[in-house]
Amino acid sequence: MRWWDIGPVLELEQELFPEDAWSAGMFWSELAHARGPHATRHYVVAEDAEGRLVGYAGLAAAGDLADVQTIAAARDQWGTGLGARLLTDLLRAATAFEAAEVLLEVRVDNTRAQKLYERFGFEPIGFRRGYYQPGNVDALVMRLSDPALSVPADGPVQGETHG
């Protein structure tokens, strides 16, 4: 993800997460830590064949721990495997950051995402009450130990994603 992707990302963010969408400032702040020799973030976007932004994802790393910050796929991409490709990219980044485990929070009412994470080996470890505001929706906290074991060995994510 680059600065010029923020506009289209915000449009998709508002469409998918109207109650608790990230602001432009939040994305700018994350991208400020995504470049250079001391980068602690990895952000990626996915485009369709026409160049329309259809997904994005981000990861933060600190020490031997990584955290999925965000992952989203346009509704017309649901069921196409885009979410899995984005998550694969994040897990490869976690491995490159030498993370021993990856954490994430997911809305308790988002069973589609929970099933994706479970397919990759994430396990529920707790809840964060009222995590998503202003809707006061709880988050399920999930953990993946050794992300390198969950990354498919069939090469890079196919041409849809770029940093």
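The values are calculated or read from the model by the stated rules, or taken from the named source; none is laboratory data. These numbers come from a predicted model, not from an experiment. Here the Cβ positions follow ideal geometry from the backbone for every residue, glycine too, while neighbour counts run over all protein chains shown. Protein only, heavy atoms only, side chains kept; ligands, DNA and RNA dropped before computing areas. Shrake-Rupley method; radii C 1.70, N 1.55, O 1.52, S 1.80 Å.
Identify, please: which residue in region 99-121 is touching a Lys or Arg at 6+ places or on another chain (Cβ under 8 Å) and over 13 Å from Gly83 (Cβ atoms) and is, among those, least open to solvent (accessible area, probe 1.4 Å)? In this case the residue turns out to be Val102. Got at least one residue in region 68-84 being open to solvent by 20 Å² or more (accessible area, probe 1.4 Å), touching an Asp or Glu at 6+ places or on another chain (Cβ under 7 Å) and farther than 19 Å from Phe27 by Cβ? Checking region 68-84: not a single residue is open to solvent by 20 Å² or more (accessible area, probe 1.4 Å), touching an Asp or Glu at 6+ places or on another chain (Cβ under 7 Å) and farther than 19 Å from Phe27 by Cβ.
Within region 8-33, the residues that satisfy the criterion of being open to solvent by less than 50 Å² (accessible area, probe 1.4 Å), in a helix (DSSP H, G or I) and touching a strand residue (DSSP E or B) at 6+ places or on another chain (Cβ under 9 Å) are Val9, Leu12, Glu13, Leu16, Phe27, Glu30, Leu31. Take Ala139 and tell me if it is at pLDDT 90 or above and either in contact with a Gly (Cβ under 9 Å, 6 or more places away or on another chain) or more than 15 Å from Leu82 (Cα to Cα) (or both). Yes; evaluated as a whole, the condition is true for this residue. Among the residues of region 46-80, those that are farther than 21 Å from Arg143 by Cα, more than 11 Å from the chain's Cα centre (by Cα) and not aliphatic (A, V, I, L, M) comprise Glu47, Asp48, Glu50, Gly51, Arg52, Arg75, Asp76, Gln77, Trp78, Gly79, Thr80. Scanning region 40-47 turns up no residue that is of a type in the set (Phe, Trp, Tyr) and farther than 24 Å from Ser150 by Cα.
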